[in-house]
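The values are calculated or read from the model by the stated rules, or taken from the named source; none is laboratory data. Owing to the predicted nature of the structure, the values given are computational and were not obtained by experimental measurement. Please note: Cβ atoms are built from the backbone with ideal geometry, for glycine as well, and neighbour counts cover all protein chains shown. Side chains are part of the model used for accessible areas, which takes the heavy atoms of the whole protein and leaves out ligands, DNA and RNA. Shrake-Rupley method; radii C 1.70, N 1.55, O 1.52, S 1.80 Å.
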Amino acid sequence: MNPRQTPPVPDVFDPRRYADGVPHTAYRILRDHHPVAWQEEPEVLGWPAGPGFWAVTRHADVVHVLKDSATYSSYLGATQIRDPDPGDLPFIRRMMLNQDPPDQGRLRRLVSRAFTPRRIDRFAEVARARAQALLAGAVDRARAGDGTGDVVAAVTDEYALLNLADLLGVPGSDRGLLLHWTQRVIGYQDPDEAGGPRLGAGGRPMDPRSPTALRDMFGYAQELAAHKRDHPADDIMTTLAMDPELTGPELEMFFFLLTIAGNDTVRAAAPGGLLALADHPRAYGALRERPGRLPLAVEELLRWHPPVLSFRRTAARDTELAGQRIRAGDKVVVFHASANRDERVFTAPDRLEPFRTPNPHVSFGDGPHVCLGAHFARLQLGVLYEETLRTLPTLRPAAPPARLVSNFINGIKSLRLHLT
């Protein structure tokens with residue numbers, strides 16, 4: 001190709017691309033030549049075609065979109081790439097994630113009363129004991145077998161689920177429900193997750209955000225809230241259930257948000273971090289020698305493997321971004337995994353540097369919607385990595401990972417490592 005010739009715009013929409021890994025080469029082409037690029041939105045995996053969207057891939061532009069909620073709205077079309085059914089949109093807009101300031105700020109303040117660092121810090125020792133037990137069990141099973149184990153099935157899924165159940169006040173016996181709902185909502189693009197997509201009228205896939213799809217989860221949330229009012233405990237659902245300012249529908253949406261986002265943030269990030277360390281033995285060895293610098297490594301592993309790949313906004317007015325004219329009503333999608341590898345911000349972004357600083361990654365977002373549970377996620381990840389360093393002198397992959405078919409969540413369905 002002529003070096004002066006601009007390469008064509010690569011497709012970063014098709015969720016099937018992500019089953020082979022995050023398309024960092026395509027992201028680099030977009031950042032260098034098409035930082036705000038129009039993407040087609042064809043029918044795929046039975047989901048109908050959409051009108052297309054603007055893909056935003058440079059760090060500065062991603063941060064700008066996330067911070068400017070007056071121009072780039074979460075409320076107008078919600079935050080997933082695909083448009084919801086117009087009849088479902090009023091329902092979906094009840095969720096804090098799909099609102100703009102000032103309404104979003106009110107809900108954020110309400111849930112912040114429950115999601116306090118002091119409460120979360122109490123879980124540190126419980127999380128540590130849980131990580132130790134899960135890792136020890138995985139190692140014992142590996143020794144009895146071929147020396148390898150799937151750490152997603154044996155460690156990280158259970159770790160994320162049980163920690164979330166403790167924080168919310170969900171009985172441990174019901175953690176299977178939390179996993180089922182998470183797989184159904186997050187893995188809806190993957191035919192292997194939760195038995196494949198649920199079909200609605202006319203045999204078309206049902207939007208996992210629709211009232212029909214969430215009826216069982218919301219029914220459980222109301223039953224749990226009623227139980228907490230009669231039997232209060234030191235957990236988030238008790239605090240929410242007792243809050244007179246929180247309506248029933250708002251409580252349901254908070255339960256949905258905390259269950260899905262609270263679970264899948266760690267559920268996606270934890271195996272991604274372990275995979276990164278297994279693929280980079282020098283970094284793993286450096287961490288074993290200097291475990292006190294683990295907080296820096298947590299940030300670098302989040303940069304390397306962000307749990308969320310993309311988030312959508314809708315232009316509230318005509319505007320311009322990186323030289324592109326964007327019209328009111330256009331979909332604008334930011335790509336976190338691309339922003340985290342932007343050479344304009346990070347030195348040698350394709351190199352894993354466990355002690356990288358500064359590290360302004362956007363894995364937890366930015367602006368008014370920055371992740372409310374980031375403190376809890378960092379705590380869990382730090383504890384899990386610390387116990388892994390203590391338990392396993394070396395960390396090596398035993399097979400390629402199986403990745404989620406999704407352009408939204410950077411999920412790993414299985415990760416087999418050498419554990420002996």
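Heavy atoms only, 1.4 Å probe, whole protein assembly: order SER414, SER173 by accessible area, highest first.
Numbers: SER414 40, SER173 105 Å².
The ranking, largest first, comes out as SER173, SER414.
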(message) Using only alpha-carbon positions, what ratio does the radius of gyration of segment 1-66 give when scaled by 2.2 N^0.38 Å?
(response) 1.21
(message) Leaving ligands and nucleic acids out of the surface, order ARG113, ARG282 by accessible area at 1.4 Å, largest first.
(response) ARG282, ARG113
(request) Please state, to two decimals, what the Cα-based radius of gyration of the chain comes to when divided by 2.2 N^0.38 Å (N = residues). (result) 0.97
(message) Compute a Gaussian network model of the chain, connecting alpha carbons closer than 10 Å, and tell me which residue from ASP330, ASP14, ASP216 fluctuates the most.
(response) ASP216
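Could you work out the relative contact order of the chain? I mean the mean sequence separation of Cα pairs under 8 Å and 6+ apart, divided by the number of residues, in percent.
On the way: 691 pairs, mean separation 112.8, N = 420.
So the answer I get is 27 percent.
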(message) If the elastic network links every pair of Cα atoms under 10 Å, which of GLY365, GLY323, GLY52 fluctuates the most in the Gaussian network model of the chain?
(response) GLY323
(request) Report, largest value first, the span of the C-alpha coordinates of segment 269-333 along each principal axis, in whole Å. (result) 53, 19, 17
(request) Could you work out the mean projected area of the convex hull around the alpha carbons of segment 372-412, in square nanometres to one decimal? (result) 4.2 nm²
(request) Could you please report the charge total around ASP68, scoring K, R as +1 and D, E as -1 over all other residues with beta-carbon less than 13 angstrom from its beta-carbon? (result) -1
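Can you list, largest first and rounded to whole Å, the semi-axes you get for segment 263-377 by taking the square root of 5 times each eigenvalue of its Cα gyration tensor? Could you put the intermediate results ahead of the total?
Values: eigenvalues 192, 49, 26 Å².
Over the Cα atoms of segment 263-377, the ellipsoid semi-axes are 31, 16, 11 Å.
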(request) List the relative contact order of segment 44-183 as a percent without decimals, with contacts defined as Cα pairs under 8 Å and 6+ residues apart. (result) 13 percent
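Percent of alpha carbon pairs in segment 72-184 separated by more than 17 Å?
Numbers: 4403 of 6328 pairs.
Value for segment 72-184: 70 percent of Cα pairs lie more than 17 Å apart.
Given only helices, namely DSSP H runs of n ≥ 4 each adding -39500 (n - 2.57), what is the per-residue ellipticity at 222 nm of the chain, to the nearest 500 deg cm²/dmol?
Values: 15 runs with 180 residues, N = 420.
Result for the chain: -13500 deg cm²/dmol, rounded to the nearest 500.
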(request) Would you mind telling me which residue in LEU89, LEU302, LEU381 has the biggest mean-square fluctuation in a Gaussian network model of the chain, where springs connect alpha carbons within a distance under 10 angstrom? (result) LEU89
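Taking Cα pairs under 8 Å and at least six residues apart, what relative contact order does segment 58-134 come out at, in percent? Can you show the working numbers first?
Values: 34 pairs, mean separation 16.8, N = 77.
That works out to 22 percent.
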(request) Taking the Cβ of ARG312 as the centre, find all other residues whose Cβ is under 10 Å away and add up their charges (Lys, Arg: +1; Asp, Glu: -1). (result) +2
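If I require 30 Å or longer along the helix axis, counting alpha carbons, and a Kyte-Doolittle average no lower than -0.5, what helices from the chain are left? Use full DSSP H segments. Kindly include the intermediate steps, with their values, before the conclusion.
Details: long enough: 123-144 (31 Å, 0.28); 248-279 (46 Å, 0.76).
Passing helices, by number: 123-144, 248-279.
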